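The values are calculated or read from the model by the stated rules, or taken from the named source; none is laboratory data. Computed from a predicted model, the values in this text were never measured in an experiment. With ideal geometry, Cβ positions are generated from the backbone for all residues, glycine too; neighbour counts draw on all protein chains shown. These accessible areas exclude ligands, DNA and RNA; they are computed on the full protein's heavy atoms, side chains included. Shrake-Rupley method; radii C 1.70, N 1.55, O 1.52, S 1.80 Å.
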Amino acid sequence: MSGGEQTSTEEQIRREQILRGWRAVRARIAAACADAGRDPAEVTLVAVSKTFPATDIRVAVALGINDLGENRDQEARVKAAELADLDVRWHFVGRLQRNKAASVARYAAVVHSLDRPDLIDALARGADRAGRQVRALVQVSLDPVDLGAGTGRPGRGGAAPADVPALADRIAAAASLRFGGVMAVAPLGADPVAAFAVLADVSARLRANHPSAATISAGMSADLEAAIACGATLVRVGTAVFGSRPPMLLG
Ligand SMILES: *Cc1c(COP(=O)(O)O)cnc(C)c1O
């Protein structure tokens, strides 16, 4: 038996798994939209492919999945280069380090995790140098304030709601960036609906000054229904599409 046949069987199995996951997630989105009286066409599904190999992404794209999410530049830039022949919109959803911003600006269509002025400036410079326009979202912290910055806790990032308008204005003022809206991760161990309602409120206030910045990026495998109930226009789903990830060395 040739190695080629072996590979094609494995690919077929993987294709079935990803297709099944994708269909199940689409069904969950449709049900959540029906419950909320919303049109499923309002909700973009980004498949978060972090830790999964480029071969899985080829399978996903062949199934019509073109929005892919990654959370580490070291991994994402290699995949983006390897898959440059494909029609992929890369979403950078992880915490961004300033010294990685120029690299991310070369492949990302959307950066979800801007929460500091210096990151915005670094991404804007990188996009400018790359001759690209990058859509940029402000990540909002929904953690209780006592768990916020300065506690030494690693945290999942995000600006305090009060700091979001100035960050939005800074993005909107950068020629190489387009301000797209807001993103958040639900706090651990708290009611996601209450947290996502805060995000919806932050988004509504911002749109008074930035009417086209309508993206609300919220909801993952465990809580996408709560996010859609609160108006999410984009969900970021990893494990429910691709399967469970091996334990990660880095958070
Ligand atoms: C990994 C990740 C996701 C996807 O999480 P799942 O629980 O696998 O669906 C979404 N958003 C961010 C910021 C992530 O890092």
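Side notes on the structure shown:
- Any hit, the range 33-40, residues being at pLDDT 95 or above and either in contact with a Phe, Trp or Tyr (Cβ under 9 Å, 6 or more places away or on another chain) or within 14 Å of the ligand (Cβ to nearest atom) (or both): no
- Contacts under 8 angstrom Cβ, first residue in the range 218-229 being touching a residue at least 24 places away in the same chain (Cβ under 8 Å) and more than 9 Å from the ligand (Cβ to nearest atom), partner among the basic types (K, R) and open to solvent by 10 Å² or more (accessible area, probe 1.4 Å), 6 or more apart: E225/R28; I228/R38
- Filter result for R95 (within 13 Å of the ligand (Cβ to nearest atom) and open to solvent by 30 Å² or more (accessible area, probe 1.4 Å)): yes
- Close contacts from the range 195-208, counting a first residue that is of a type in the set (A, V, I, L, M) and a second that is in a helix (DSSP H, G or I) and open to solvent by 10 Å² or more (accessible area, probe 1.4 Å), with Cβ to Cβ under 7 Å and a gap of 6+ residues or different chains, come to V198/P161; V202/P161; L206/P165.
- The residue that is farthest from G94 (Cα to Cα), counting only those in the range 46-74 that are open to solvent by less than 40 Å² (accessible area, probe 1.4 Å), in a helix (DSSP H, G or I) and not small (G, A, S), is V59.
- The number of residues in the range 98-121 that are open to solvent by less than 40 Å² (accessible area, probe 1.4 Å) and assigned to a loop (DSSP other than H, G, I, E, B) comes to 2.
- Every pair of residues 6+ apart whose Cβ atoms lie under 9 Å, when the first sits in the range 107-123 and is in contact (Cβ under 8 Å) with a residue 60 or more places away in the chain while the second is β-branched (V, I, T) and surrounded by fewer than 23 Cβ atoms within 10 Å (Cβ to Cβ): V110/T215; H112/T215
- Number of the exception - V61 against (1) away from the ligand (no atom under 15 Å from the Cβ); (2) at positive phi: (2)
- Within the option set G157, G189, G251, being surrounded by 20 or more Cβ atoms within 10 Å (Cβ to Cβ) and at pLDDT below 95 holds for one residue only, G157.
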